[in-house]
């Protein structure tokens, strides 16, 4: 309990469903973050895992958050859920969140498990397509006399990391790779793999 607020799971009933409320650790880990509550529905499909995802946020420093603030935010959110916050999953029929809660009006409602199944299937399709693209490029580069592909990550001093690839004729030395990564602005010079094209293009 913090600030007189129960931070662990607290159970409420909404339209006959057991809805739990927890205070996100971000609320006190970052002093100016504010009060964030996470609402969870009962487990969905066959995973036994709660359907999480409904967050409510009060922009008020944790040191100033009171039990009354917590109670008011919980009350407002539960009222919103009871009024128009729940829908049936279009795939399995379980009760899940109304996408409009996440500022996504018109989006088809999916429970967390069905959403993850669809997301994983989409990612698998994209991975297969990318693997086929790389194999086609490997074959074309091998025909041009290149023997190896270097796949590496550029870790700049500032900004996001990015993945890069390049082809070479003859197996590159660690120093050659490090020099190239340094020229790209990477602070880390050993985050890479080297593929032999004759092996990578088999099949």
> Looking at (1) at pLDDT 80 or above; (2) in a helix (DSSP H, G or I), which is the one condition that is false for residue 100?
Replying inline: (1)
>> Quick check on segment 114-137. Is at least one of its residues outside the structural domain of residue 42 (by TED's automatic domain parsing), part of a loop (DSSP other than H, G, I, E, B) and at negative phi?
In response: no
> Can you find even one residue in segment 51-60 that is at pLDDT below 85 and in a loop (DSSP other than H, G, I, E, B)?
Replying inline: no
>> Could you list, ordered by first residue, the pairs with Cβ atoms under 6 Å in which the first is in segment 1-30 and more than 17 Å from residue 61 (Cα to Cα) and the second is loosely packed, with under 11 Cβ neighbours inside 10 Å, at least 6 apart or interchain?
In response: 18/11; 20/11
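Conditions tested, residue by residue: (1) in contact (Cβ under 8 Å) with a residue 24 or more places away in the chain; (2) more than 24 Å from residue 130 (Cα to Cα).
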| residue | (1), (2) |
| --- | --- |
| 149 | yes, no |
| 153 | yes, no |
| 159 | no, yes |
| 164 | no, no |
| 174 | no, yes |
| 177 | yes, no |
| 184 | yes, no |
| 194 | yes, no |
>> Looking at segment 151-192 only, could you name the residues that are over 28 Å from the mean Cα position of the chain (by Cα) and not in a helix (DSSP H, G or I)?
In response: 166, 167, 168, 169, 170, 171, 172, 173
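The values are calculated or read from the model by the stated rules, or taken from the named source; none is laboratory data. Computed from a predicted model, the values in this text were never measured in an experiment. Methodologically, a virtual Cβ is constructed for each residue, glycine included, from the backbone with ideal geometry; neighbour enumeration extends over all protein chains shown.
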